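**Q** Okay, handing you the structure first.
The values are calculated or read from the model by the stated rules, or taken from the named source; none is laboratory data. These numbers come from a predicted model, not from an experiment. Because the Cβ atoms are built from the backbone with ideal geometry, glycine has one as well, and the counts that use them run over all protein chains shown.
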Amino acid sequence: MRAILRPDASSSDVRTPVWRHALRVATCAVAATLLVAAPARGMDDNTAKADIVWNIAKFVTWPAAAMGPTSSPLVVTIVGEDDLAIALASQLSTRSVNGRSVFVRFARRAQDVRGSHVVYVASSEAAHIDAVLAELRGKPALTVADASGFVQRGGMVNFTQEAGRTRFQIHVGHAEAVGLKVSSRLLSLAQVVSEDP
């Protein structure tokens, strides 16, 4: 197996396998992207959150039956409107997740979320969160919002602020209940929520 030298090692003794180095680099990259201390220069908070959603999706596994052929896109449905919805549509529509292109669509009614892999509920639809979640009950869709108490109401991913940092909460129980598998590496970066009202 090919090996590379650690930056702090002498050239004659300690060697690190390439795969271990690659894993460390990948883990650091995920951490740097997901835990945003402050938006990067020129990147506003909503663009940073859109990047976080994209990265979260890369560490979630959907049931094979929900994904269809490998040529099928990952369907992201945005319910309602707000600045984060605009950032999500702009950022995700040009990207891919684990080899699948991302198809972004907007919805106005709860019943229009059927067939989605990721559903973002915008602030304009805060009063209809329960209706959207009810429509998705039992379906393998990753639900996301930027609304206080979202995960306690049945959602899976919610944004929070902590000491000036953008963080995210994940309710693993809600995700697993519909067949989604969340990577332990992702959970190590999240605020894991388990309690319900």
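**Q** Please verify whether region 154-161 includes one or more residues that are part of a helix (DSSP H, G or I) and hydrophobic (A, V, I, L, M, F, W, C).
**A** Checking region 154-161: not a single residue is part of a helix (DSSP H, G or I) and hydrophobic (A, V, I, L, M, F, W, C).
**Q** A follow-up question, please. Could you please find all residues in region 61-110 being outside any strand (DSSP E or B), farther than 20 Å from S123 by Cα and of a type in the set (S, T, N, Q)?
**A** Result: T70, S71, S72, S93, T94, N98.
**Q** On to the next question. Looking at region 167-174, is at least one residue free of Cβ contacts under 8 Å to residues at least 40 places away in the same chain, closer than 14 Å to V75 by Cα and either outside any loop (DSSP other than H, G, I, E, B) or assigned by TED's automatic domain parsing to the domain that holds F59 (or both)?
**A** For region 167-174, residues free of Cβ contacts under 8 Å to residues at least 40 places away in the same chain, closer than 14 Å to V75 by Cα and either outside any loop (DSSP other than H, G, I, E, B) or assigned by TED's automatic domain parsing to the domain that holds F59 (or both): absent.
**Q** Pull out all pairs, ordered by first then second residue, where Cβ-Cβ is under 8 Å, the residues are six or more apart or on different chains, the first lies in region 77-96 and is over 19 Å from I129 (Cβ atoms), and the second is modelled with pLDDT under 95 and not in a helix (DSSP H, G or I).
**A** A87/D44
**Q** Moving to a separate point now. Identify all residues within region 92-139 that are among the basic types (K, R) and modelled with pLDDT under 95; write none if there are none.
**A** Once the filter is applied, which keeps residues that are among the basic types (K, R) and modelled with pLDDT under 95, region 92-139 yields R108, R109, R114.
**Q** So which residues in region 139-152 are surrounded by 18 or more Cβ atoms within 10 Å (Cβ to Cβ) and either out of contact with any strand residue (DSSP E or B) (no Cβ under 9 Å at 6 or more places or on another chain) or not assigned by TED's automatic domain parsing to the domain that holds I52 (or both), if there are any at all?
**A** P140
**Q** Output the residue which, of all residues in region 157-197 that are closer than 17 Å to T61 by Cα and among the polar types (S, T, N, Q), is nearest to the chain's Cα centre (by Cα).
**A** S183
**Q** Among the residues of region 123-138, which ones are surrounded by fewer than 22 Cβ atoms within 10 Å (Cβ to Cβ) and over 19 Å from A177 (Cα atoms)?
**A** Passing the criteria: S123, S124, A126, A127, H128.
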